Amino acid sequence: MDYHIGNADKRHLDALVELERQCFSVPWTRAQIAAELPDGHHEFLAAEADGKLLGYVGMMYVLDEGYISNVAVAPDCRRQGIASALIAALLRRADELRLSFVTLEVRESNAPAIALYERFGFAPVGRRKGYYDAPKEDAILMTTYLK
């Protein structure tokens with residue numbers, strides 16, 4: 001599948017909200033997503049093909065620290081390398097920003113996501129008890145170091 005990865009912006013909001021709803025049991029609101037769009041403290045990348053949003057990844061950063069907020073791929077587009085391409089692009093941005101590390105949380109039961117993050121050098125560094133709702137579940141904290 002041919003697709004393009006670039007900055008998400010306000011024109012993507014409707015599609016981002018819909019994809020968020022499809023992918024997460026407790027989706028972010030439109031206002032929460034809008035607050036994550038690229039600025040001096042956020043990177044937010046979208047994968048698109050023929051005007052359709054296939055997936056996205058967002059990251060907040062402060063000083064030399066990065067935090068991935070969400071990674072989502074449309075259910076009918078999974079297992080096609082889109083999440084890998086998004087994470088690779090985001091980590092290139094993190095390197096350009098001279099971040100020392102990038103961290104994220106992932107549901108402890110989400111083995112495919114954990115395996116994906118491990119391929120990019122993320123390793124478990126902690127746990128947040130009861131972090132997720134619907135269903136209640138621990139989060140595994142994972143970090144990759146860039147320097």
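Just so you know, all these numbers are worked out from the coordinates, no wet-lab data involved. Not measured: the values here are computed from a predicted model. When we count neighbours, we look across all protein chains shown, and the Cβ atoms used for this are built from the backbone with ideal geometry, even at glycine.
List the lysines whose Cα sits under 30 Å from the Cα of Lys136, skipping any in the same chain fewer than 8 residues away. Counting by Cα, and skipping residues close in sequence, Lys136 has no lysines nearby. By DSSP, the beta bridges lying fully in the chain are antiparallel in about 90 percent of cases.
Shown for Asp64, Asp76: other C-beta atoms within 10 Å of each C-beta, ranked fewest to most, produce the order Asp76, Asp64. Of the options [x] 2, 9, 20, 23, 23, 17, 6, 1, 0; [y] 2, 10, 19, 22, 21, 14, 8, 4, 1, 0; [z] 2, 8, 12, 14, 14, 12, 11, 9, 6, 5, 3, 2, 1, 1, 0, 0, only one is P(r) over Cα pairs in 5 Å bins from 0, in percent as computed from these coordinates, and that is [x]. Summed over qualifying helices (DSSP H, 4 residues or more, each -39500 (n - 2.57)) and divided by its residue number, the chain shows a 222 nm mean residue ellipticity of -8500 deg cm²/dmol.
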